[in-house]
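Here the structure is laid out as C-alpha cells; the discussion comes afterwards.
What follows is calculated from the coordinates using simple rules that are stated; it is not laboratory data. Quantities reported herein were computed from a predicted structural model and do not represent experimental measurements. Quick reminder, even Gly has a Cβ in these numbers, built from the backbone with ideal geometry, and neighbours come from all protein chains shown.
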Amino acid sequence: MDKLKILQVEVELVQGDITQQDDIDVIVNAANAQLETGGGVAGAIHRAAGHGLAEECRPMAPIKPGEAVISSGHQLPNPFVIHCLGPVYGVDQPSDALLADCYRNALLLADEHKLASIAFPSISTGAFGYPIKPAAGIALDTIKAIVPSLKNIQKIRIVLFDQTDFETFDKKLGQLNI
Ligand code: ADP
C-alpha cells in the first residue's frame with residue numbers, strides 16, 4: 001500500500017529524492033545540530049537550495065534532538081524547508097520519543113504556517129543509525145496520532161531514497177489500523 005487517507009489527510013510513500021518534490025509546500029531536512037550542509041539529506045538539500053539556506057539557518061543553530069525550525073526554500077522548488085534534528089540511535093535517549101518529536105514538531109510547525117503539503121525523508125536512518133523497521137513504525141504511528149490536530153495540512157509524503165526502505169515503509173503503512 002503506498003497511499004492512505006487518514007481523516008482529511010492523504011499519506012503517501014514515494015521512492016525518490018527529497019529535493020525533487022516540486023508540488024510540495026515544505027520539505028523536511030534530516031538536519032545536523034548546526035544546520036549546516038553535510039552528507040545524506042542535508043547535503044542534497046543545501047546543494048540544491050544554494051548558500052543562502054545555510055546563511056539563513058546560522059542564527060537558529062544549534063537545535064536539539066527532536067526540535068524543528070523553519071526557513072525559506074531559496075533555490076529549491078519548495079517555498080519552505082523545516083529542519084529537524086533526529087536522534088543519534090542509542091546515544092540521544094530516549095531515541096524513540098525523540099524521533100517521534102521530529103515528526104510531530106515538523107507537522108505542527110507546517111500546520112501553524114498554514115501549509116497544505118509536506119514531504120519527509122526517513123529521519124535518523126542514515127548516518128544516525130536508526131534501524132529502518134522501528135523508525136518506519138514510529139514515523140507512521142506519529143503521523144496517525146497527530147492528523148486529528150492538523151487544520152491546514154492535506155498531504156503528507158514520505159520520500160524514501162532506497163527501494164528496500166520504501167518496501168519497509170510500505171509494509172508498515174499496510175499494517176496501520178485506520
Ligand atoms: P540522518 O543523519 O538523520 O540519519 P541521513 O541524511 O544520513 O540522515 O539519512 C536519512 C535517510 O535519508 C537515509 O535513509 C538515506 O538513505 C536517505 N537519503 C539520503 N539522501 C536522500 C535524498 N536526496 N532524498 C531522500 N532521502 C535521502
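Quick notes
- As a proxy for reagent exposure, ranking His83, His113 by other Cβ atoms within 10 Å from fewest up yields His113, His83.
- Candidate membrane-span-like segments in the chain, meaning DSSP H helices with Cα atoms spread over at least 24 Å of their own axis and a Kyte-Doolittle mean of -0.5 or above, are 95-112, with no membrane implied.
- Choice from Ala61, Ala119, Ala110 showing the highest fluctuation, given a GNM over the chain with Cα pairs closer than 10 Å: Ala61
- From least to most packed, judged by other beta carbons within 10 angstrom and beginning with the fewest, Phe166, Phe120 follow the order Phe166, Phe120.
- Between Asp23 and Ala97, the modelled labels are 3.9 nm apart [label points 7 Å from Cα along Cα→Cβ].
- Cβ-based net charge around Asn78, under 12 Å, with every Lys or Arg adding one and every Asp or Glu removing one: -2
- For region 49-163: rounded, prolate or oblate by the Cα gyration tensor [a/c cutoff 1.5]: oblate
- If you count Lys pairs in region 46-178 whose Cα atoms are under 22 Å apart, skipping same-chain pairs closer than 8 places in sequence, the total is 11.
- Residues Tyr89, Tyr103, ranked from the fewest to the most other C-beta atoms within 10 Å, line up as Tyr89, Tyr103.
- Isolated Cys in the chain, by beta carbon distance under 4.7 Å: Cys57
- Fully extended contour minus Cα-Cα distance, from Asp170 to His51, at 0.36 nm per residue: 39.4 nm
- Inter-centroid distance (Cα atoms) of region 2-69 relative to region 129-178, Å: 16
- Cut-off 14 Å between beta-carbons: net charge of the residues surrounding Lys172, Lys and Arg +1, Asp and Glu -1: -2
- At full extension, Ala33 and Ala127 could sit 32.5 nm farther apart than now, given 0.36 nm per residue minus the alpha carbon distance.
- Modelled label positions at Asp162 and Asp2, each set 7 Å beyond Cα in the direction of Cβ, lie 1.9 nm from each other.
- Computed extension gain for Leu108 through Arg58, at 0.36 nm per residue and net of the alpha carbon distance, reaches 15.8 nm.
- Within a Gaussian network of the chain (alpha carbon springs, distance under 10 Å), most fluctuating of Asp25, Asp111, Asp162: Asp162
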